[in-house]
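Data block below; observations after.
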Amino acid sequence: MVSARPAVQSLPVYKPGRNPADLAREIGVERAVKLASNEVAFPPLPAVVRAVTAAVAETNRYPDNGAVVLTRALADRYGVDPAQVATGCGAVAICQELAQAYNDPGTSIAFAWRSFEMYPLLARVAGARAVQVPLTPGRDGGSSDTHDLDALAAALDDTTRLVFVCNPNNPTGTAVRRPELERFLDAVPAETLVVLDEAYREFVTDADVPDGVDLMRGRPNVAVLRTFSKAWGLAGLRVGYLLAEDPAVAEAVRKTHLPFSVGMVAQAAAVAALASEAEVRTRCAAVVAERARLTGALRQRGFEVADSQANFVWLPLGERTVELAGALEARAVITRPFAGEGIRVTVGTPEEDDVFLAAVDDALAAPAP
Ligand SMILES: *Cc1c(COP(=O)(O)O)cnc(C)c1O
């Protein structure tokens, strides 16, 4: 009998979020609201639809493995050299490519916990040790929801090849600010690559939260990870990118890149999205306004909600998490629960969020099961 590597056998099976159509059918309602995956609720940008339609006609050919047009557009957008850019089949693919490029078995990958689901899996598949540093309360008396960068720096050792800093942090939505992040970068050894995962950068409104692309300048061991899946509205097409101060980092990612994994249609869509930046900004502003309304409405209901810099909010419900998430599903609202910790709720349209808030009210008013 063949058997997968022990590290793979022990991996949990990926549990995708509930499909809204399935849930609606199961509970006998017309439609369910999905606030579980941090997509934006807007349809694809008009220019993206046109670009995708045109690109489909060429799909008998392989895509450009170097993604030259997209890479150039990203380099222009961020004021870097194309050699500092690497694209991937979603930012998650780049995470994996980084681990393949930098982690021999016995090395380690450090990150805060709770943070992005992918980081511990990455470490396991690479045969690397996961160094997990607990979040700390962002406010006095609050729950643990914020990076402890001093503790993260202290946890690095000479086996640590990668350290991820998810800013704003998924799933808590909190962000670290310039002085602490600069102090952290100054403390990280030159042999450890800092990956600033800024999947939600476009939703940041706090001027003290630095742009990783500015911070990486002059720091050859810093790279920034971004994605077209969230603000840019291309989650279904799978495009992410890395910007690195040292071109050797981008080159290492390109070397471990699964060939042709960023499809032709995806590349065309990403180029068109970049050309529609003004529209994307308008959409992000709408999400930010709705984030404030949703945060206020939840606080009014007595929930502790940290200030989010992303397109989701975090409810630190502890032991009540699974029960409330289940009660919301029974009321046709899908959120993202982390058992024993809290619920992450994507900022939806005002209508979707009203459905969510009504479901919360209804669930809280119902007698305990
Ligand atoms: C969504 C997300 C990503 C990237 O997702 P892709 O769809 O693979 O580009 C990366 N990091 C974090 C923290 C995310 O939440």
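Run down Ala270, Ala325, Ala330, Ala366 and say which single residue is among the hydrophobic types (A, V, I, L, M, F, W, C) and either without any contact (Cβ under 8 Å) to a residue 12 or more places away in the chain or open to solvent by 60 Å² or more (accessible area, probe 1.4 Å) (or both).
Result of the check over Ala270, Ala325, Ala330, Ala366: Ala330.
Identify the residue in the stretch 1-42 that is acidic (Asp, Glu) and out of contact with any Ser or Thr (no Cβ under 9 Å at 6 or more places or on another chain) and, among all such residues, is most open to solvent (accessible area, probe 1.4 Å).
Glu30
If I filter the stretch 176-206 down to residues being within 12 Å of the ligand (Cβ to nearest atom) and in a loop (DSSP other than H, G, I, E, B), which single residue comes out as farthest from Thr159 (Cα to Cα)?
The residue in question is Tyr200.
Counting only residues that are small (Gly, Ala, Ser) and assigned to a helix (DSSP H, G or I), which one in the stretch 57-106 is surrounded by the most Cβ atoms within 10 Å (Cβ to Cβ)?
Ala91
With the checklist (1) hydroxyl-bearing (Ser, Thr, Tyr); (2) within 16 Å of the ligand (Cβ to nearest atom); (3) in a helix (DSSP H, G or I) in hand, flag the one item Thr282 doesn't pass.
Result: Thr282 passes all but (2).
Which one of these does Leu135 not meet: (1) within 16 Å of the ligand (Cβ to nearest atom); (2) under 24 Å from Leu242 (Cα atoms)?
With (1) within 16 Å of the ligand (Cβ to nearest atom); (2) under 24 Å from Leu242 (Cα atoms) applied to Leu135, the lone miss is (2).
Within the stretch 107-127, take every residue that is open to solvent by 20 Å² or more (accessible area, probe 1.4 Å) and in a helix (DSSP H, G or I) and give me the one that is nearest to the ligand (Cβ to nearest atom).
Here the residue is Met118.
If a residue has to be open to solvent by less than 10 Å² (accessible area, probe 1.4 Å), more than 16 Å from the ligand (Cβ to nearest atom) and part of a loop (DSSP other than H, G, I, E, B) to count, how many in the stretch 207-231 make the cut?
1
Testing Asp186 on (1) open to solvent by 60 Å² or more (accessible area, probe 1.4 Å); (2) in contact (Cβ under 8 Å) with a residue 12 or more places away in the chain; (3) closer than 25 Å to Gln84 by Cα, one condition comes back false. Which one is that?
Going through the list (1) open to solvent by 60 Å² or more (accessible area, probe 1.4 Å); (2) in contact (Cβ under 8 Å) with a residue 12 or more places away in the chain; (3) closer than 25 Å to Gln84 by Cα, Asp186 breaks only (2).
Taking the condition farther than 26 Å from Tyr78 by Cβ, open to solvent by less than 20 Å² (accessible area, probe 1.4 Å) and outside any strand (DSSP E or B), does Asp353 pass?
yes
The values are calculated or read from the model by the stated rules, or taken from the named source; none is laboratory data. On a predicted model such as this, the values are computed, not experimentally measured, just so you know. We place every Cβ from the backbone using ideal geometry, glycine too, and count neighbours over all the protein chains shown. Accessible surface areas use protein heavy atoms only, side chains included; no ligands, DNA or RNA. Shrake-Rupley method; radii C 1.70, N 1.55, O 1.52, S 1.80 Å.
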